[in-house]
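Data first, discussion second: the structure below is written as structure tokens.
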Amino acid sequence: MKLWRPICVLLVSALSVLTGCKDPEGPLPPHGNLPTLKGVPLEPFDSTEKQNSRDFVLVVRTNLIIVQMPVGSVSSSEDLWSYLDEEPAGAHVGSALAYNGIRVGLGRKSAWKDITAILQRLTGQPLTRTSLLSRPGTPMPIVFKSKQKSQTIFTYRRDASLVGRDYPAGDSVMVTTATINYDDPSAVHVTVAAAIRSNQRRRGYTKRSGKFAFTSEPIYYRLDGMDFRFKVPRGDFILIGPASEAQRPSSPGYHFLIRQRKALQFETVVIIAPEVFKAPVKRQ
């Protein structure tokens, strides 16, 4: 079993912001809805602008929309996937994910109304957006299913071998890491990795600012062969949803995207839309 230790350190504590917005008209918040840092609004980063000075640092706002619907609504239908581009993930990656019960695709801003219309028809509920701020390169776990008991998950590797592993009790999360290529800042590169965030903690000491501080961090167990990466232009978005194999109880898709509510099963769709802002830096 592979241990994984993402470094989840934000720029400052105030940089982690959670907001909500119902019935989003686009994957990104409307123009003028700016995040703030210590009460100071952050400015959108112009993709033609170069970070040649020390007047600002870049931060990424990750916008999330999480939708749940009856099993089979997405995993057994192509209606939603016909509006998404699954090729950017790569043929081998996409096939491996599908065998494991997960499909991913890149959605274009122009297809937003069609996609949200399908989701609202399937759920009968308004969509709600939440947003988080982080530094580029900072791993950010998104919880798909929390407080899970110990579980055995069978994963198809990209060489078509099937491997079963036992995982401890904890949360089923997908850790997203958004990075920026400063030679082409018009898009955000988003890497996603599936992992179990164990209830167990790693305790120790770390030296910060010349002083030792006690630390307690969760232990992550990464699922092999489940990583994928997208280049997301501004206004576009990533959609993660269940494939038909998600209905197999031992699959990663089942353990991440299928949940039980009384006698009914529901499947989860997650939309990730990143955007870049400038945070001012005080000169010494």
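Which residues, counting only those in the stretch 187-218, are of a type in the set (Val, Ile, Thr), surrounded by fewer than 17 Cβ atoms within 10 Å (Cβ to Cβ) and in contact (Cβ under 8 Å) with a residue 24 or more places away in the chain? Walk me through it before giving the result.
Here is the first cut: in the stretch 187-218, the ones of a type in the set (Val, Ile, Thr) are 188, 190-192, 196, 206, 215.
The next check asks that each one be surrounded by fewer than 17 Cβ atoms within 10 Å (Cβ to Cβ); those that pass are 191, 206, 215.
191, the sole residue that qualifies.
Residue 117 passes every criterion in (1) over 30 Å from residue 36 (Cα atoms); (2) touching an Asp or Glu at 6+ places or on another chain (Cβ under 8 Å); (3) hydrophobic (A, V, I, L, M, F, W, C) apart from (2).
Taking the stretch 202-261, which residues are of a type in the set (Asp, Glu) and farther than 18 Å from residue 165 by Cβ?
Within the stretch 202-261, the subset of a type in the set (Asp, Glu) is 217, 224, 227, 236, 245.
Within the stretch 202-261, 217, 236 meet the criteria.
Residues that are aromatic (Phe, Trp, Tyr): which strands (runs of 3 or more DSSP E) entirely in the stretch 214-284 hold 1 or more of them? Walk me through how you get there before you give the answer.
Working: elements: 228-233, 237-242, 258-261, 264-280.
Those strands (runs of 3 or more DSSP E) span 228-233, 237-242, 264-280.
Values quoted throughout were computed directly from the atomic coordinates according to the rules given, and no laboratory measurement underlies them. Only a predicted model underlies this, so the values are computations on that prediction, with no experimental measurement involved. Neighbour counts run over all protein chains shown; Cβ positions are idealised from the backbone, glycine included.
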